[in-house]
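First up is the structure itself, then whatever we jot down about it.
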Amino acid sequence: MKLYTFFRSSASYRVRIAMNLKGLPYEPELIHLSKDGGGQNQPAFRQLNPQGLLPVLIDDDGHTLTQSLAILEYLEELHPETPLLPPDALGRAQVRSIALAISCDIHPINNLRVLQYLGGTLGQNEEQRNTWYRHWTESGLNALETMLVQSGKAGKFCHGDTPTLADCCLVPQMFNAKRFECDLSKIPTLVRINDACLQLEAFAKASPPQQPDAQ
């Protein structure tokens with residue numbers, strides 16, 4: 001399989017974690033999101049994904065897949081041996097709820113193209129962009145902390161004591177929260193889970209500093 005990825009792409013990071021957890025080898029195809037106008041804006045990449053977003057996965061049969069959560073679900077169905085979803089319907093819904101809260105509510109309004117629009121079209125300076133980022137990330141993570149505490153389902157990881165799709169989404173978001181110096185004092189459960197995840201090789205190997213295009 002071939003994975004189009006960028007070392008700091010949160011969505012690509014999610015898929016790298018999942019593929020490592022499942023022991024699935026892949027060939028990284030590196031797409032730099034900021035050099036030379038961004039590789040995601042080149043015609044060849046837009047042919048693969050008209051949205052111009054990472055990741056893109058080319059599977060062993062040559063099928064092109066986009067959207068990180070769709071890719072994660074696809075890999076789960078094809079390779080269920082190391083499950084990323086609980087066996088019960090309620091558990092699966094709860095894990096998906098966490099994953100969606102991160103990937104659909106926190107991440108999209110803080111990703112690169114939004115920050116570039118704030119800085120370019122709207123003329124916001126770096127501190128104003130960072131303030132935007134911290135506001136939405138902190139409010140989202142604070143709410144997620146409450147969700148996990150109230151559910152009573154968090155164990156060593158977001159749902160019990162085995163990594164799930166939720167953890168694949170949490171760790172990249174926590175990486176970026178630290179990068180933008182967000183206040184993590186109100187989310188001790190998420191900090192603890194993030195630390196536990198990073199002790200696992202699958203998560204550590206997927207981290208941005210370990211990628212071949214890290215700079």
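Lysines within cross-link reach of residue 22: Cα-Cα under 16 Å, excluding same-chain residues under 8 positions apart?
Reachable lysines: 2, 205.
Can you tell me the Rg and the Dmax, both Å, for the Cα atoms in the stretch 22-75?
Considering the stretch 22-75 through its Cα atoms, Rg and Dmax are 11.8, 34 Å.
Taking every DSSP beta bridge with both residues inside the chain, roughly what % is antiparallel (nearest 5)?
Taking every DSSP beta bridge with both residues in the chain, the antiparallel ones total about 55 percent.
In Å³ and rounded to a whole number, note down the convex hull volume per residue for the Cα atoms of the stretch 82-178.
92 Å³
How many angstrom lie between the Cα centre of the stretch 6-79 and the Cα centre of the stretch 106-174?
That distance is 20 Å.
Suppose the chain between residue 34 and residue 117 were pulled fully straight at 0.36 nm per residue; how much longer would it get relative to their current alpha carbon spacing?
Separation in residues times 0.36 nm, less the Cα-Cα distance, equals 28.6 nm.
How far apart, in nanometres, would the label points at residue 199 and residue 47 be if each is projected 7 angstrom from Cα along the Cα-to-Cβ direction?
Those two pseudo-labels are separated by 4.8 nm.
Please compute the per residue accessible area over the stretch 98-178 with all protein chains in place, 1.4 Å probe, rounded to a whole number of Å².
Per residue, the stretch 98-178 has an accessible area of 46 Å².
Could you look at the chain and say what percent of its accessible area is carbon and sulfur, using a 1.4 Å probe and all protein chains?
Summing carbon and sulfur atoms, their accessible area is 52 percent of the total for the chain.
May I ask you to derive the FRET efficiency for residue 126 and residue 186 from their Cβ-Cβ distance with R0 = 22 Å, giving the value to the nearest 0.05?
Approximately 0.35, to the nearest 0.05.
I need the peptides 4-12, 35-43 ranked by packing, meaning the mean over residues of other C-beta atoms within 10 angstrom, with the highest value on top.
4-12, 35-43
Of 127, 145, which has the most accessible area and how do the rest follow, probe 1.4 Å?
127, 145
Over the stretch 71-190, what relative contact order in percent results from Cα pairs under 8 Å that are six or more residues apart?
The normalised contact order for the stretch 71-190 reaches 32 percent.
Starting from the Cα of residue 186, draw a straight line to each of the lysines and keep only those under 16 Å, dropping any in the same chain fewer than 8 residues away.
Hits, sequence-local ones excluded: 178.
Can you compute the helix-only [θ] at 222 nm over the chain? Use -39500 (n - 2.57) per DSSP H run of at least 4 residues, normalise by all residues, nearest 500 deg cm²/dmol.
-15500 deg cm²/dmol
Determine the order of 13, 117 by accessible area, beginning with the largest, at a probe radius of 1.4 Å.
Result of the area sort, largest leading: 117, 13.
Sort 16, 129, 46, 192 from largest to smallest accessible area, using a 1.4 Å probe on the heavy atoms of the protein chains.
Correct descending sequence by accessible area is 192, 46, 129, 16.
The values are calculated or read from the model by the stated rules, or taken from the named source; none is laboratory data. Remember, it's a predicted structure, so these values are computed and weren't measured experimentally. All Cβ positions, glycine included, derive from the backbone under ideal geometry; neighbour counts span all protein chains shown. Remember, those area values only see protein heavy atoms, side chains included, never the ligands or the DNA or RNA. Shrake-Rupley method; radii C 1.70, N 1.55, O 1.52, S 1.80 Å.
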